[in-house]
Structures are given as C-alpha cells and as structure tokens.
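Below: the structure, in structure tokens.
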Amino acid sequence: LSEIGGKGLFSKQIEEELLGKKIDIAVHALKDLPSKETDGLETKVFLKRNDPRDVFISLNSKSIHDLKAYSVIGTSSFRRAAQLAIIRKDLNIKLIRGNVDTRIQKLEQKKFDAIVLSYAGIKILGFENKISKIFSTEEMLPSVGQGVIALQTRKDNENVLNLISEI
C-alpha cells in the first residue's frame, strides 16, 4: 500500500466525494488521514479517543515472548513491524492485509502464528475474546491519531460546519 499511495490512500476517494459535493461529511480514522490537510477541506471535529493501544492475538501464545523462534507474526503497519523487530529479532514479520475478520481468519487457518492489531478496532467489532495480550504504550508506541474518529467537511460549507461543531 505504501507504494501505491501510502498515507491518505483510504481517505482520498472520500475526500474527492466531499470536494465534488456528493457528500457533506466524511468520517475517518484520524490515523489514516495525511498530516497535510487537503485544500478546500477542514477537519475540526474529533470524537473522544478510544483506547490507542495495540493487541497481540495468537491461538497458542499468551504474549510475543512466548512465540517460538522464527514464528510468523502478521501486521498491517510498518510502525508495528519495526517495533516488533526490536522486541523480538528472531521473528518472521509479514504484512497482513484485509479487514479484521479476514486477518483473524488467516490466523485461525494457521497462516500466521500471531497477529498485531489496533485495540480500538478489535473492541468496536466485539473481538475482545480473541486478545492474548494488550501491549502497554511503553511496549508498543501507538500511531498518532490511533483510536480517534475525525469528521471532515468542505471549508465553504458553513451549515455543516456549524452543525458538526456541536458534536
């Protein structure tokens, strides 16, 4: 994904809908937005941050330290992959794609020995029973904006700006 658009890849099409006046409000995961605001758009409303921590999920291990050497651990994040490599240099870290259900299914199909995901996403989807360990923020530094929902609209849409300012 980093090679075909990187940060902002998931928000680009939604922002085009906003700019084209096909929609009035976009709801984003803040961590998926680029740091530079798109011309003509404004992100001023942020919902209360959900838990920003990451979680470790494995069928057979309670923590990353319990994994056997050269175990395959999946993540969709270069940030997580870099931190995992520091925690355990002997792991085989691979990028994993798909929605949360698909990632958990790949784990259950034994394509991975463990996966690391956002706690907020797991919690919202009701998969807390799958968690083997919740990383502390000292163990795994969360992404900036992880767990935050942001509302975005056009700068020239005063009615919507006034409406969402009440949120």
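From the square roots a ≥ b ≥ c of the eigenvalues of the alpha-carbon gyration tensor of segment 50-110, which class results: rounded (a/c under 1.5), prolate (a/b over b/c), or oblate? Rounded, since a/c falls under 1.5.
Put simply, the amide H of residue 45, placed in the peptide plane, has neighbours under 5 Å in 151, leaving out anything fewer than 5 places away on its chain. Counting only DSSP beta bridges whose two residues both lie in segment 22-167, roughly 75 percent are antiparallel.
Distances between placed amide hydrogens fall under 5 Å for residue 93 paired with 73, all partners being 5 or more residues away or on another chain.
Expressed in nm to one decimal, what extension gain is obtained for the pair residue 60 and residue 105 from 0.36 nm per residue of sequence separation less their Cα-Cα distance? Walk me through the numbers before you get to the answer.
Numbers: separation 45, 0.36 × 45 = 16.20 nm, distance 1.48 nm.
Contour length minus Cα-Cα distance gives 14.7 nm.
Only helical runs count toward this figure. For the chain, summing -39,500 (n - 2.57) over DSSP H runs of n ≥ 4 and dividing by all residues gives -7000 deg cm²/dmol at 222 nm.
Within the straight-line cut-off of under 13 Å between alpha carbons, the aspartates and glutamates reachable from residue 123 are 51, 54, 101, sequence neighbours fewer than 8 places apart in one chain being disregarded.
The separation of segment 11-39 from segment 119-162, counted between C-alpha centres, amounts to 16 Å. For the chain, go through all pairs of different Cα atoms, get the mean of 1/r, take its inverse, and jot down that Kirkwood value in Å. Here the Kirkwood hydrodynamic radius works out to 17.4 Å. Across the chain, the mean sequence separation of Cα contacts (distance under 8 Å, 6 or more residues apart), normalised by length, yields a relative contact order of 39 percent.
For segment 50-118, the antiparallel share of DSSP beta bridges with both residues in that region comes to about 45%. Database remark: amide H of residue 50 closer than 5 angstrom to the amide H of 148, 149 (H placed geometrically; neighbours at sequence offset of 5 or more, or on other chains; Pro and chain starts carry no H).
Among the trypsin sites (Lys or Arg not before Pro) in segment 125-162, those placed in a DSSP loop whose Cβ has at most 16 other Cβ atoms within 10 Å are 155.
FRET efficiency for residue 139 and residue 13, Cβ-Cβ distance as r, R0 = 45 Å, nearest 0.05?
Once rounded, the FRET efficiency stands at 0.85.
Since every read-out is calculated from the coordinates, none of them should be taken as a lab result. This one's a predicted model, so the numbers in the text were calculated from it and none came from an experiment. All Cβ positions, even for glycine, are placed from backbone atoms using ideal geometry, and neighbour counts span all protein chains on display.
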